[in-house]
Amino acid sequence: MSKVVYILNGPNLNLLGKREPEIYGHQTLDDVNEMCAALAAELGLEIIFRQSNAEHDLIDWVQEAREAAQAIIINPAAYSHTSIGILDALSACQFPVLEVHVSNIHKREAFRHFSYVSQRADAVIAGCGVEGYLLALRRAATLLDNA
Ligand code: CA2
């Protein structure tokens, strides 16, 4: 049976590729989903790809992944900087957690420099554009012995 990786996306990432291309690039979240699905097939992984603007959806999906997945890749978007709830949910997971940011949060406003999720993440990828999702997927494959 394939190992399952949840790829979770937080608020406003549904706008990816549609606004602020100078920060977030031109690719849409659907493009990212397709790129991840193609790489996952190569790596022998199954992905579940989701986005929500609601914090509780992200918490519910992390809890679902605890039972159903072997790793989580998460771009918590603005909740990175505010959500102890998402951190607590991730802290209850005993498998790799990889945090992705499309932009380099450390090069931006000071309020983006701190991420609660980074307190739990096994790796943080920031500033690689949407390629960051693919790098995270490759890292998940390595950690799950699927490389
Ligand atoms: O760089 C990232 O991936 C972020 O997680 C994106 C979040 C931001 O709050 C974080 O500080 C860094 C924002 C996602 C909003 O995405 C948009 C995309 C296009 C247009 C407007 C927003």
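Looking at residue 130, is it within 10 Å of the ligand (Cβ to nearest atom) and closer than 17 Å to residue 39 by Cα?
When the stated conditions are applied, residue 130 passes them.
Restricting to segment 9-23, give me the number of residues that are assigned to a helix (DSSP H, G or I) and near the ligand (Cβ under 9 Å from one of its atoms).
5
Only one of 34, 64 is over 29 Å from residue 114 (Cβ atoms) and among the acidic types (Asp, Glu); which?
Checking each option against the conditions leaves just 34.
Only one of 125, 72 is aliphatic (A, V, I, L, M) and within 13 Å of the ligand (Cβ to nearest atom). Can you tell me which?
125
Among 23, 73, 47, which is of a type outside the set (Phe, Trp, Tyr) and either touching an Asp or Glu at 6+ places or on another chain (Cβ under 9 Å) or over 22 Å from residue 129 (Cα atoms) (or both)?
Going through 23, 73, 47 in turn, the sole match is 73.
Which of the numbered conditions does residue 57 fail, given that it passes all the others? Conditions: (1) in contact (Cβ under 8 Å) with a residue 12 or more places away in the chain; (2) under 21 Å from residue 30 (Cα atoms).
Going through (1) in contact (Cβ under 8 Å) with a residue 12 or more places away in the chain; (2) under 21 Å from residue 30 (Cα atoms) one by one, residue 57 breaks only (1).
If a residue must be free of Cβ contacts under 8 Å to residues at least 12 places away in the same chain and within 13 Å of the ligand (Cβ to nearest atom), how many such residues does segment 24-50 contain?
1
Computed from the coordinates by the stated procedures, all read-outs in this text should not be read as laboratory data. Computed from a predicted model, the values in this text were never measured in an experiment. We place every Cβ from the backbone using ideal geometry, glycine too, and count neighbours over all the protein chains shown.
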